Each structure stands twice: as C-alpha cells, then as structure tokens.
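The values are calculated or read from the model by the stated rules, or taken from the named source; none is laboratory data. Just so we're clear, the structure is a prediction, and the values are computed from it rather than from any experiment. In this analysis, Cβ positions are derived from the backbone assuming ideal geometry, glycine residues included, and neighbour counts consider all displayed protein chains. The protein model used for the area step is the full one, side chains on, heavy atoms only, and it has no ligands, DNA or RNA in it. Shrake-Rupley method; radii C 1.70, N 1.55, O 1.52, S 1.80 Å.
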Amino acid sequence: MLLRKVWGSVLARAAAAAPGSPRGRAEQYYCGGALSLGALDALPTDVLAQILRLLGPVDAARSATVCRAWRILASDNGLWAFFLRLGPEPWDLVVFAETHLAAGPDWHPWLYYNNLPQLSFKQIYTDRAMVPGTVIVDGGSGYCKYGWSKYAAPSGRCATFLEFGNIESPMYARLRHFFSTIYTRMQVKPSSQPVIVVLPLCHTDDTESARASRKQYKETLYSVLFDMNVPAVCAIDQAVLSLYASKRTSGIVVHIGFNTTSIVPIFEGRVMYEIGVETVGQGALKLTGFLKELMHQRNITCESLYTIRTIKEKLCYVAADYEAELRKDTQASCEVDGEGWFTLSEERFKTAEVLFQPHMGGMRAMGLHKAVSLCMDHCYNSDVVGDDSWYKTVVLAGGSSCLPGLPERLEKELRQLLPPYISEGIRVLPPSFGTDSAWFGAKMVSNVSTFTEAWCVKKKQFRHKTRRNGPLFVNAW
C-alpha cells in the first residue's frame, strides 16, 4: 500500500506537469534535462527499481512519461528481463528465441559472428505481448497433436493426416478434411488466428522427384489453409522444430518415428538434403511388435498393441552394455489400467536393443549408431561454411527416443565407431520436451516477438507468388 501511495504521488506530479503549464515548463527544465526525482531523490536507486518491479510492467511503462529520470529507470534492461522471467515461457527459451529466431528462417548468423543483436527486453516484452495466439498443428508420424501456442501443452490428439479420408482421394480434399476436423475440435474459426503446421519428414531424398513432392505438398497445404481463410500460415519441418526445442539451430536430429527412424542433418535451421537424410526402416511400431514377440515367448499374452506400448514406456530401457546386462537380474513389474500387472525381465532391454542390432528382430537394416555415424561422416566431408563442429550435437526426438539410457548408449557407440577427429566433442541430447518436442519448438517460434512478420506467409503474398511464379513456388517458405 505504501508503494501504491508513492506511485500515486508520482502520477499526480506527472499530471500537474502538463505541457504548457508553468509547473510543466519548470518540470521540463528540471526533469527533462536533469536526473532529479524531487522528493524521491532520497530513495536509493535499488529501492526505486524494486518499486517498479512490484508495480508490474504496465505501471512501470507508464512511469517513463513522468520525467527523464523515471524514463531511464523504467527502460532498464534488467527490469524488463525480470518481467520476462515472470512470464509463462522459460527464460532461457525466450533469450534463445529472440537471439536466434527473431530474424526469421532466412537469417544466417554465421555471417555475423560479431554482430549479434543487442536485445532490448522492454521492446521484446511489448512485442511478445502483442503476438496473437496461434494454432499449432503437429502432424507427427503416429498421431497428430494440436493446441494453442499460449497453452502449456497440446490440448488434443487425433489421427495423422495420412489416416484422413480415402487414400485415393486428392491430397487437397484429405488436407481440407484434416484441418476442418482440428478446427472443429478446438471450437475456433480458421479466420481468427494464424497457424503453425509442423511438416512431417517425407520425401527426404535430394532428387528432382523428391524436391517436387515436397514443394507440391507445401503448396497444397497453403492453398487449403488460405481457402479456409486462415490469416497467416507458418510451415516448418518437424526435425527443425525438435532442434529449436533443444535451444540449437544446427546439429543432427535422430527422429524415431512410428514406422521409420530418420537421421536429419540441419545447419542453421535448414535441412541439408544435399548432405543426405539417412532413413532406417524401423521405428516405434517395430519396437512394440518386437516386445510383443518376446512376451509371447514367455507365455505372456496380450493382444492390445496399446497395452504393450504402455508396458514399453513404463518398463523398457536401453542397456549401456548389452552382454553385461544379460548377466543381471532385471526383473520389474508395472500395472496397466484395465489389464492388470505385467512382469518383464530380459525383455526390458532386449526390446530397444533391436535399434542397434536389427537382426535380433529379423530385420536386415543398418543399426542406429551406424546410420548416425554415416551421416556424421557425410557432414564432415561436406562444404558447409561456418563452425566445423555443427554436426557433433545429436538431438533425439520422437516418443521412443525417451527410453532411458538411449542417449548414453548412442554416444558410447559413436565414440567407438568414429575416428577421433570426428568423435571428439560429440554430445547426444535427450528430447527436451519428451514426445512433444516438435510441438514445443513450434510454440517457441509462435511466441517470438517478430512471429507474424518474420515467419508467416500471408494470403496476399501467397496469391501474388502463385500468379507470378506459377505452381511449386513455395520452397521460398
């Protein structure tokens, strides 16, 4: 209450100092050019700063109109950093987003090592407060996650785009059905908010056919959404967003999807198709199916893949040393709602071992560590300009990448497999936000202060580009 009274006297003083009045001219002389706070000069600066903190961002911003001295206090970067820290977004993610993502997807920071932007946290706070809420649609590979960018997590899940409509139907019709369903479930009009669409990993070859397919998919996506009167659209690759969620713009993303595992090299926010995206033909579904086989061998009967997936998530892990793990007692149990208790032993680590030894599951495929090492070797021999260690950070993504022990085991295998000049400095990071890393990466982009200007495509832009360049233009976005 005392601080409110102090603030009231400051506002009264500002009102009395209206331009043109005798006192106003005096205030302009004494306060506009000097750093006097009048009777408040007796208060230490740190006390004044604390008053502004307790008053909150709105009143702190208003205080800047009182006089020059208050303007200096109210513009302090530390004050607005404090207000941003109180916000819903983690402070480290805010700083990363405003430093590395605010300029949009086409900014290349390796050209400006000595010219990183000087952040004005007051301007950032103001701009972020004005960014509209955005609909986020993460198509995923097993199921789709959708929700509001201002929410703490996805608000709903549904089938992926590939499961909507007749597979023989045109892509436009299936996408229209897909997005109409999501907007209906969210109970929101498409015309009310921008949308971020997380693009699934597909057509990963660096061939003319694959490039044309990616362009066609993106063009159809924009056409569908703008025909539904969405005001602005942002479409970003799933692997890129998983990398952003780990506070990085360069690295290798290992995405363990529903049917396949993709090893994606990314440099400064761009998928390096020319280097090569490695694909291993086993994913979460194979792990679940292999666990089912192992359980049947021990006469543990369960036909529901959903139940088996739940058991996998609760009990399975990756062994640091497979042979040593075989000699241990690894028995553990878990309860699945409606199905009772299940007890596993060697099945707990044998399930995930198929990622490194695919022959155990009857597959003739490359082990995960070998696919990642091959990608790293291609990155090492590429002509990418900039930091030559950009590919040494490996970020895991996808639901099955959350298995305990996977980052440590993969890092160990890579160090043994690769020569020292490549393996030195390698780090394998777990998913920053579990199964929802790509969704949170999209949330980070959608809340950046320059989102609508730097990241979105507007309907007018889209139509103009279509008329000027014809079809398949959208690789520019």
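Taking the criterion of being open to solvent by 40 Å² or more (accessible area, probe 1.4 Å) and acidic (Asp, Glu), the only residue of region 273-290 that qualifies is Glu274.
Of all residues in region 169-203, those satisfying the criterion of being among the hydroxyl-bearing types (Ser, Thr, Tyr) and either under 26 Å from Glu453 (Cα atoms) or touching a residue at least 40 places away in the same chain (Cβ under 8 Å) (or both) are Tyr172, Ser180, Tyr183, Ser191, Ser192.
Here Gly340 fulfils each of the conditions (1) farther than 20 Å from Leu406 by Cβ; (2) of a type outside the set (Lys, Arg); (3) modelled with pLDDT of 95 or more apart from (3).
A quick yes/no check of all residues on (1) in a helix (DSSP H, G or I); (2) without any contact (Cβ under 8 Å) to a residue 60 or more places away in the chain; (3) surrounded by fewer than 18 Cβ atoms within 10 Å (Cβ to Cβ):
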| position | (1), (2), (3) |
| --- | --- |
| Asn299 | no, yes, yes |
| Glu323 | yes, yes, yes |
| Phe342 | no, yes, no |
| Met363 | no, no, yes |
| Asp383 | no, yes, yes |
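One residue alone among Lys370, Lys350 is in contact (Cβ under 8 Å) with a residue 12 or more places away in the chain, under 20 Å from Leu285 (Cβ atoms) and not in a loop (DSSP other than H, G, I, E, B), and that residue is Lys350.
In summary, helices (runs of 4 or more DSSP H) completely within region 49-135 and bearing 2 or more residues that are at pLDDT below 90 and charged (D, E, K, R) occur at 57-63, 68-74.
Out of region 42-81, which residues are open to solvent by 60 Å² or more (accessible area, probe 1.4 Å) and in contact (Cβ under 8 Å) with a residue 24 or more places away in the chain? The answer is Thr45, Arg53, Leu54, Arg62, Thr65, Arg68, Ile72, Asp76. In region 385-399, the qualifying residues are those that are in contact with a helix residue (DSSP H, G or I) (Cβ under 6 Å, 6 or more places away or on another chain) and open to solvent by 10 Å² or more (accessible area, probe 1.4 Å), and the one that is farthest from Phe433 (Cα to Cα) is Gly386.
Filtering region 117-149 to residues that are small (Gly, Ala, Ser), under 20 Å from Ala102 (Cα atoms) and open to solvent by less than 50 Å² (accessible area, probe 1.4 Å) leaves Gly133, Ser149.
Candidates are the residues of region 407-461 that are assigned to a helix (DSSP H, G or I), without any contact (Cβ under 8 Å) to a residue 40 or more places away in the chain and in contact with a Lys or Arg (Cβ under 8 Å, 6 or more places away or on another chain); the one that is least open to solvent (accessible area, probe 1.4 Å) is Ser423.
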